[in-house]
Protein chains: 2
Amino acid sequence: MKKILLIVMDGLGDRGCDDLRGLTPLQFIRNPNMDWFVEHGSAGICDPIAPGIRPGSDTAHLAILGYDVQSIYSGRGPFEAIGAEMDIQPGDIALRCNFAYVSDDMEVLDRRAGRIKAPETTELVDALNDLEIDGVEFIVKESTDHRAALVLRGYGLDERITDVDPQGDNVLKTCEPLCEEAEFTAEVVNKFMVECYNRLKNHPTNRKRMAAGLPPANILVPRGAGSFPYIEPFPYIHGISACCVSGVGMIKGICKACGIDVYPLPESCNGGLDTDFIMKADCALEALEDYDFVLMNCKAPDIAGHDGDAKLKSEVVKRLDAMMGHIRKNMPDDLVIVMTCDHCTPCSLKDHSGDPVPIAIYTKGCLRDEAKEFSESGCCHGFLGRIRGRDIVPICMDLANRTEKYGS
Amino acid sequence: MKKILLIVMDGLGDRGCDDLRGLTPLQFIRNPNMDWFVEHGSAGICDPIAPGIRPGSDTAHLAILGYDVQSIYSGRGPFEAIGAEMDIQPGDIALRCNFAYVSDDMEVLDRRAGRIKAPETTELVDALNDLEIDGVEFIVKESTDHRAALVLRGYGLDERITDVDPQGDNVLKTCEPLCEEAEFTAEVVNKFMVECYNRLKNHPTNRKRMAAGLPPANILVPRGAGSFPYIEPFPYIHGISACCVSGVGMIKGICKACGIDVYPLPESCNGGLDTDFIMKADCALEALEDYDFVLMNCKAPDIAGHDGDAKLKSEVVKRLDAMMGHIRKNMPDDLVIVMTCDHCTPCSLKDHSGDPVPIAIYTKGCLRDEAKEFSESGCCHGFLGRIRGRDIVPICMDLANRTEKYGS
């Protein structure tokens, strides 16, 4: 039985970039180490979810881990909470929130409260976190910028409620139940809104903001309620131990929700553009001593893609290639190694796209095909053809000699 | 956001043709304009429905428009009616019919009434179209050759009834209900059979036929009952305006059933072998000024395929290539353009086959792969790999920057 290293190069796939003579960063830069894995392994292209579906990092990682995303994904609230690294339990209801600035009449004066962010959001959250209403515990955590997640924990909850967030409109809406079972939930959310405003309006942080001429963040505006889904633990489904090597909160949250351990990383592996890829590779190889399956996420190409900077993304590709050289030199013999992406983040879009991503799978003694280059166009000649994210783990499990025969 | 032009070259795909040294028409003829789109875009092959499934033009177009055909398609009756350009409403029951020649004892003497066709079938249909039985309206329309469609409209109808058509047997069958709910429907169909025979047997058209020694068409023989399905409108699903540019009744009917507008065409765009492709291309480009999505169907290659005439089909290919040259010169910058087929119509078969069809997708800034030629074998090297008809619209919507992110 072999071990499995699944390397997700976040957002690496691209479309033709004007700055790179119409090529993608992977087509533009020569990558001898990535190409070695393609040349000695099997290549293909992969729809993380399905053709044309534009994935988030959350849904893409769930799919790549083999889950049927559509049966798991119930609104963005729970995944905002996972992304904020909250400890959530099955049965919890989660909502996404904005910190906003409202008048006494609940008229929205600034729906992002001047794009407030940590540490101020952290201070405001502290004022809300001992709240219990009619037996329901309210747990708040700040997230990126002016965002936060709100978790409701208790008996008799139901996620079928309307948003408080008025989106285009001016005045906050009353939370309404969409069915009888959700009446209690809507009621406690409305009580929370009153209590939240009372606690935040004169909070020292807000007083300081007003003194500085900034809009106060005097309320949390929730939307996107979802119940936290039960996710069958990955190690249980596949009968293997598993950990993730990532510096990104959302990815760590997703993995934890799937029962995958989070491997501790040194601070230099920060999930940013300046992350230490060689150190991260060493951590992944180290983790493989203790775990059967390691998911390694490299976030930097996605950041360069969101910046729309094709030259920067090409530099990141060079560093990823060096990382793959380091892995090639130091990897154990009994390893199945996958290079792929969770989605494309084309520089021309500055956002994710629904294009398929390149994939290469290598293990000693695997089938070699005629693909030679780790790129969008280079991998499409390979033996794997066009697969889906959900196919990756079963293919790896089989190459790792860990599958049971289906039939006789 | 970009607009989308989906060009369906009807039945263009083929197998090796003896008359073309074992090549397909696309392999045999040099097509510089079609090839330009392949060279500058992404290519692949596409199973309109699924591998080995031999599609009709109706089911293939539904699939290419993104519908799950199997959940929509409920017997051929409704699609015969759509093909005959009947105005149908949800809840209607539709049946396919033959005009036939029967004796007074309902013995079938000629099940196609000497392959009667329009204008005689039109005259006969006129004699049937004010029929109402027990509150059910019977609407008949002639279709291709000796065929017609019959629509039942009224309360209490149910499509679960047996065929009147005896197929191999000699005597017309009584329509039987397959469940209690369909008893009324079977009863009115049987009453219709009697009335139909009474109205047609001495019809002037039939008297003329008999005088000329031809079998009269003295009855309509229904089979294939289906309820008209509810099809979620295409513009509603995708949030775009859409029209079709086609000279073919069936395609226009399918599009109308999907809530897609039918663009008015000059008479020279007749859906026949001598159609004016350049004019049609101009109409499609004109339509793109008003619509986000244009489906353009070019029927001629299918006709040549059904004729089994590979040389003729090659001539059609040349004219299609000229059309693509015209489109290339005149297309707007912000366009996603797809060239594909709804199915293969191999000249050796003179009918549709279940082979996959070539597809190429081009838009400015898309990914270029190594495929160079628009043909069955040339496109299989492309980045798109092997996709399904249902994938086409999602892929185009994503390339047109019109998709929402699934997740965060």
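Only the coordinates and a few stated rules stand behind these numbers; no lab work does. Because the structure is a prediction, the values reported are computed rather than measured. A quick note on method: Cβ atoms are made from the backbone with ideal geometry, for glycine too, and the neighbour counts reach across all protein chains shown.
The figures follow:
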{"quantity": "Shielding by partners, peptide B:41-50 (average Cβ within 10 angstrom, other chains)", "calculated": "1"}
{"quantity": "GluC sites (Glu not before Pro) within region B:246-319: DSSP coil, no more than 13 neighbouring Cβ in 10 Å", "calculated": "B:GLU267"}
{"quantity": "Theoretical FRET efficiency, 1/(1+(r/R0)^6), r = Cβ-Cβ of A:VAL262 and A:LYS201, R0 35 Å, to 0.05", "calculated": "0.40"}
{"quantity": "Size of charge dipole - the protein assembly as shown - debye, nearest 20, with Cβ of Lys, Arg +1 and Asp, Glu -1, no other charges", "calculated": "2080 debye"}
{"quantity": "Nearby lysines by direct alpha-carbon distance to A:LYS2 (threshold 26 angstrom, same-chain neighbours under 8 apart not counted)", "calculated": "A:LYS252, A:LYS256, A:LYS280, A:LYS329, A:LYS364, A:LYS372, A:LYS405"}
{"quantity": "Fraction of alpha-carbon pairs over 16 Å apart in region B:266-333 - percent", "calculated": "48 percent"}
{"quantity": "Size-normalised alpha-carbon gyration radius of the protein assembly as shown, reference 2.2 N^0.38 Å", "calculated": "1.12"}
{"quantity": "Neighbouring partner chain Cβ atoms per residue of A:14-24, average, 10 Å criterion", "calculated": "3"}
{"quantity": "Dipole-positive endmost among B:SER74, A:HIS326, B:LEU150 within the protein assembly as shown (Cβ charges, Cα centre)", "calculated": "A:HIS326"}
{"quantity": "Set of lysines near A:LYS208 by C-alpha distance (under 29 Å), chain-local residues within fewer than 8 positions excluded", "calculated": "A:LYS117, A:LYS141, A:LYS173, A:LYS191"}
{"quantity": "Relative intensity, log₁₀ I(q)/I(0), of chain B from a Debye sum that treats every alpha carbon as a point, q = 0.12 Å⁻¹", "calculated": "-0.96"}
{"quantity": "Two-site FRET efficiency, A:ASP307 against B:MET1, from Cβ-Cβ distance with R₀ of 30 Å, rounded to 0.05", "calculated": "0.85"}
{"quantity": "Mean Cβ neighbour count within 10 Å, used as a protection proxy, ranking A:252-262, A:291-301, A:128-138 highest first", "calculated": "A:291-301, A:252-262, A:128-138"}
{"quantity": "Radius of gyration, Dmax [region B:78-227; alpha carbons; angstrom]", "calculated": "14.3, 46"}
{"quantity": "Length-normalised contact order of chain B in % [C-alpha pairs under 8 Å, at least 6 apart]", "calculated": "34 percent"}
{"quantity": "Cα convex hull volume per residue for region A:333-408 (Å³)", "calculated": "120 Å³"}
{"quantity": "Gaussian network model of chain A, springs between alpha carbon atoms under 10 Å - residue of A:MET331, A:MET106, A:MET397 with greatest fluctuation", "calculated": "A:MET106"}
{"quantity": "Qualifying trypsin sites (Lys or Arg not before Pro) for region A:335-408 [loop in DSSP, other Cβ within 10 Å: at most 15]", "calculated": "A:LYS350, A:LYS364, A:ARG368, A:LYS372, A:LYS405"}
{"quantity": "Ascending count of other beta-carbon atoms within 10 Å, so fewest first, for A:SER57, A:SER377, B:SER71, A:SER227", "calculated": "B:SER71, A:SER227, A:SER377, A:SER57"}
{"quantity": "Paramagnetic reach from A:LYS372 (point 7 Å along Cα→Cβ, amide N under 14 Å) across region A:19-34", "calculated": "A:30-32"}
{"quantity": "B:ASP274-B:ASP130 pseudo-label distance in nm [points 7 Å out on the Cα-to-Cβ vector]", "calculated": "3.9 nm"}
{"quantity": "Residues A:HIS40 and A:GLU183, FRET efficiency given R0 of 51 Å [Cβ-Cβ distance, rounded to 0.05]", "calculated": "0.25"}
{"quantity": "Chain A: angle of helix A:183-200 to the longest principal axis, Cα-based, in degrees nearest 10", "calculated": "80 degrees"}
{"quantity": "Region A:229-305 and region B:58-109: distance between their alpha carbon centers, rounded to Å", "calculated": "55 Å"}
{"quantity": "Degrees, to the nearest 10: A:310-330 long Cα axis against longest axis of chain A", "calculated": "60 degrees"}
{"quantity": "For region B:243-301, alpha-carbon Rg and Dmax in angstrom", "calculated": "10.5, 29"}
{"quantity": "Calculated P(r) of region A:1-113 - Cα pairs past 19 Å, %", "calculated": "67 percent"}
{"quantity": "D_trans [Stokes-Einstein, Kirkwood Rh over alpha-carbon pairs] for region A:69-123, 10 °C, 1.306 mPa s, µm² s⁻¹", "calculated": "119 µm²/s"}
{"quantity": "Computed label-point distance, nm, for sites B:VAL171 and B:VAL194 using a 7 Å Cα→Cβ extension", "calculated": "1.7 nm"}
